[in-house]
Amino acid sequence: MAAFRNGQNLVLVAAGRHVLDTAGLSGMGPFTSVSSRMLPDVTVITIGLSDERNPVLRPVGAGWTVSVASDVKPQDDMLLGQDGNALTFMPPVEEGLPQVVALDDPDSGRRLLLGMTRSGRIQKTIRRLGTGFAVRSSLIGVVIAADADTIELRQTGGKLVLDTTGPDSFPLMASNRLQPYGSSLSGVSLSAGKPEELRESLRRSVISAALASSGDRFNARMRVAQAAARAGNGPLLGEVMQVALQDWPEGIEKPEARRLQQISAVLNARPGSSSLAEDGANTPEDQLWRGMMRMLLPSASRTGQAVSGSDENDRLHTADLIATGLPVLQAYAAPLRDRLLPPAAQWIARYGGDSATKVLDQSPDNPQVALARALLAARRNAPDAEAKLAVLARDPSPLVWPVAREASLRLALEKKTLSPQAVADQVDNILPALRIAGREKAGRIFQLEALMKGGNLGAAASAVQEWSRLYPDDMAEIQPQKTDIIRRMAQSASSGARQNMDEVAFLKDALVQAPDDTSRRDIFDGLARRYEALGLPDQERETLRSLLACETGSKAMDVRIRLARLELDMGDLKAARQDLAVFAEGSPDAALALPGGSSSQTVEVALLKARIALADHRSDEAAGELATIRDPRAWDLRAQMAEKAGEWSRAVEALSPMLDGLPTGAEDTKASLSAEQQSLVLRIGGDASRAQDQQTLKNLQTRFAPLMKGTSSESVFRLLTGGHDEASSPVSAGG
């Protein structure tokens with residue numbers, strides 16, 4: 001298929017004749033009209049659009065989808081290249097052979113040459129204009145507007161070739177008016193030489209450029225740049241290229257200038273134009289430099305990306321490109337080779353697949369690849385990995401030992417030979433050295449992961465804030481970790497007032513940048529829990545109100561319960577009643593909550609309403625709320641009400657079900673009672689003693705005497721139950 005915008009219409013040309021039912025499709029969303037027309041070999045579908053958004057076309061099975069959704073990933077770019085005097089287009093994903101068809105443009109009357117593919121588009125930034133033709137923007141496939149009859153678009157070997165044919169043909173690229181984008185960048189000699197030869201070559205080229213005539217000045221500067229590249233002199237290479245292209249911008253069309261730009265970008269770690277990452281054909285050297293350039297760029301900024309999907313797949317593809325050209329580096333001059341080989345080999349070791357790492361395994365063993373081999377051993381969990389890294393961690397080179405130390409700490413975290421906090425602390429100590437080695441970003445992300453693994457959310461939040469200060473344009477790199485920190489903070493508050501205050505500051509900053517309602521919910525929840533821990537009820541209530549505005553359904557009810565509980569503690573009974581007023585009365589859930597189980601919302605509401613009624617001195621109303629509730633907290637409230645009224649028998653009756661879950665000394669001699677369980681037994685004993693309930697006291701003595709023996713509560717228990725003298729009557733503990 002080929003598709004392109006034609007004013008307010010989207011024109012799709014599909015191979016083959018297809019009968020389409022377009023009735024009823026008009027007026028759906030941004031699509032104002034849909035019509036189709038069958039031609040001898042193709043079907044033309046025209047879709048009217050109501051706005052300027054470009055739809056995204058995606059193959060689905062044997063058909064296609066057309067979508068304007070903002071979250072749909074667009075097609076990758078076509079890979080453009082130069083083959084002799086022709087322009088070539090390569091789909092980013094090979095799916096069958098492209099097809100070519102010629103049509104007349106109904107608006108301009110120009111002949112349209114359409115290359116129909118399953119993937120690839122032409123963006124405005126890579127359009128081309130030449131004598132007798134124009135490469136137009138497309139949403140899928142290739143669209144050529146041709147004025148000359150000799151212009152031809154054909155399919156050869158899975159790629160589309162634009163050329164001229166016939167007796168009156170002319171070389172399409174002869175004038176070199178088009179930038180040779182994607183062409184094989186030859187003409188730069190980087191071969192080896194003795195150090196004194198390289199120095200002398202650079203000296204002579206500098207003198208020659210200084211004395212060159214204006215007509216030969218650009219070429220003379222290119223010779224200086226080439227000599228600087230062979231010598232590995234990145235700063236000089238960058239300065240020469242900048243001056244040369246400022247004096248003659250057209251020189252960028254020369255293949256040797258593009259290659260030298262790539263070398264300058266890599267040596268100086270300055271990516272420059274993202275199009276440099278796709279320059280070159282498919283020779284091993286071209287792929288090497290394409291991969292080296294891609295190392296410098298975030299995946300989101302790359303054009304012509306041959307592999308779509310995750311960052312992991314993108315790094316894997318970059319490693320494959322580098323591995324393909326890795327043997328070429330052995331033929332380069334030693335200074336340049338020594339600059340390029342370590343980062344290239346380390347990238348393969350970190351991200352390469354089996355085929356790429358096999359190339360690294362087969363490369364000559366030398367100091368430049370020793371660190372990469374150690375990294376690969378650690379990645380493979382080889383037995384000698386720790387020993388290799390330990391040796392390299394003592395290397396005097398500032399480009400070697402910090403990287404080895406970082407890899408050693410990663411291995412320690414993975415194997416749990418060091419605690420996550422210890423790993424994070426040691427990474428913090430080597431961050432200045434990692435900055436020199438070009439690994440500071442990776443080191444900070446590793447430190448953040450270690451802190452999160454150790455549960456130190458406060459320090460992790462501080463690490464995120466430090467990242468935002470140092471790399472404000474790269475926040476997307478740690479967004480998953482930041483989201484996870486906020487999610488964990490929403491679950492519980494930290495211990496320590498100072499840490500909670502720091503986390504409040506972090507969450508407030510995150511609230512300003514929150515991308516969606518889900519993040520805002522977690523932020524508000526985390527803030528509320530920290531205000532609760534800090535004892536700031538007014539701020540907690542305000543935050544819970546904000547959280548309530550973000551929630552719906554059951555979660556909104558949970559927030560209302562938290563609000564009512566807070567307002568009850570604050571003494572604002574009216575506000576608490578209003579928050580609970582939305583809950584239905586008499587829900588059967590209240591009677592079905594099992595003892596010791598997870599109480600439903602209805603149970604929570606009933607308990608809160610009872611507490612509010614008690615605080616408002618309405619005991620009958622509180623008793624009514626608790627009447628059908630089978631929950632330990634409800635039993636405790638009923639007992640409190642009875643004890644306050646002096647109705648000790650009712651208090652014993654209310655508390656007795658809570659004994660069901662306690663162990664008995666008669667059944668299990670190894671059982672024991674916790675301090676809370678001992679307190680419960682003593683409370684029931686005290687109420688039973690006041691009520692003169694001899695049977696309950698006897699039951700308590702029989703069941704719990706063995707368990708109370710040797711505890712701090714034993715003497716009081718014996719006093720209440722009369723265990724010291726079975727013949728005597730129990731002593732009443734209090735009036």
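The values are calculated or read from the model by the stated rules, or taken from the named source; none is laboratory data. Given the structure is predicted, the values throughout are model-derived calculations rather than measurements. FYI the Cβ positions are ideal-geometry reconstructions off the backbone, even for glycines, and counts take in every protein chain you see. The area values use the complete protein model at the heavy-atom level, side chains included, leaving out ligands, DNA and RNA. Shrake-Rupley method; radii C 1.70, N 1.55, O 1.52, S 1.80 Å.
Structure notes:
- Residue count for the stretch 498-512 under the criterion of being free of Cβ contacts under 8 Å to residues at least 24 places away in the same chain and open to solvent by 70 Å² or more (accessible area, probe 1.4 Å): the result is 3.
- Of the residues in the stretch 428-451, not one is in a helix (DSSP H, G or I), under 21 Å from Gly526 (Cβ atoms) and among the small types (Gly, Ala, Ser).
- Residue match in the stretch 486-508 (condition: within 29 Å of Ile612 (Cα to Cα) and out of contact with any helix residue (DSSP H, G or I) (no Cβ under 6 Å at 6 or more places or on another chain)): yes
- The number of residues in the stretch 637-661 being among the acidic types (Asp, Glu), within 22 Å of Gln677 (Cβ to Cβ) and buried (at least 16 other Cβ atoms within 10 Å of the Cβ) comes to 2.
- No other residue among Leu153, Leu129 is at pLDDT 85 or above, more than 13 Å from Asp83 (Cα to Cα) and part of a strand (DSSP E or B) apart from Leu153.
- Filter pass, Lys670 being closer than 29 Å to Asp620 by Cβ and either modelled with pLDDT under 90 or in a helix (DSSP H, G or I) (or both): no
- Condition check for Gln262: open to solvent by 20 Å² or more (accessible area, probe 1.4 Å) and modelled with pLDDT of 85 or more: no
Each row is one residue, and each column tells you yes or no for (1) open to solvent by 50 Å² or more (accessible area, probe 1.4 Å); (2) closer than 30 Å to Asn85 by Cα.
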position	(1), (2)
Arg204	yes, no
Ile207	yes, no
Ala220	no, yes
Gly232	no, no
Val243	yes, yes
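- With a requirement of 2 or more residues that are more than 32 Å from the chain's Cα centre (by Cα) and loosely packed, with under 15 Cβ neighbours inside 10 Å, the strands (runs of 3 or more DSSP E) lying completely within the stretch 1-66 that satisfy it span 31-38.
- Hits in the stretch 626-643 (condition: part of a helix (DSSP H, G or I) and hydrophobic (A, V, I, L, M, F, W, C)): Leu626, Ala634, Trp635, Leu637, Ala639, Met641, Ala642
- Of all residues making up the stretch 683-692, the number that are outside any helix (DSSP H, G or I) and touching a helix residue (DSSP H, G or I) at 6+ places or on another chain (Cβ under 6 Å): 1
Conditions tested, residue by residue: (1) of a type in the set (S, T, N, Q); (2) under 26 Å from Leu288 (Cβ atoms); (3) open to solvent by less than 50 Å² (accessible area, probe 1.4 Å); (4) in contact (Cβ under 8 Å) with a residue 12 or more places away in the chain.
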residue	(1), (2), (3), (4)
Gln362	yes, yes, no, no
Glu386	no, no, no, yes
Leu389	no, no, yes, yes
Leu392	no, yes, yes, yes
Lys415	no, no, no, no
Val427	no, no, yes, yes
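- Within the stretch 544-556, restricting attention to residues that are at pLDDT below 90 and buried (at least 19 other Cβ atoms within 10 Å of the Cβ), the residue that is farthest from Ile486 (Cα to Cα) is Leu548.
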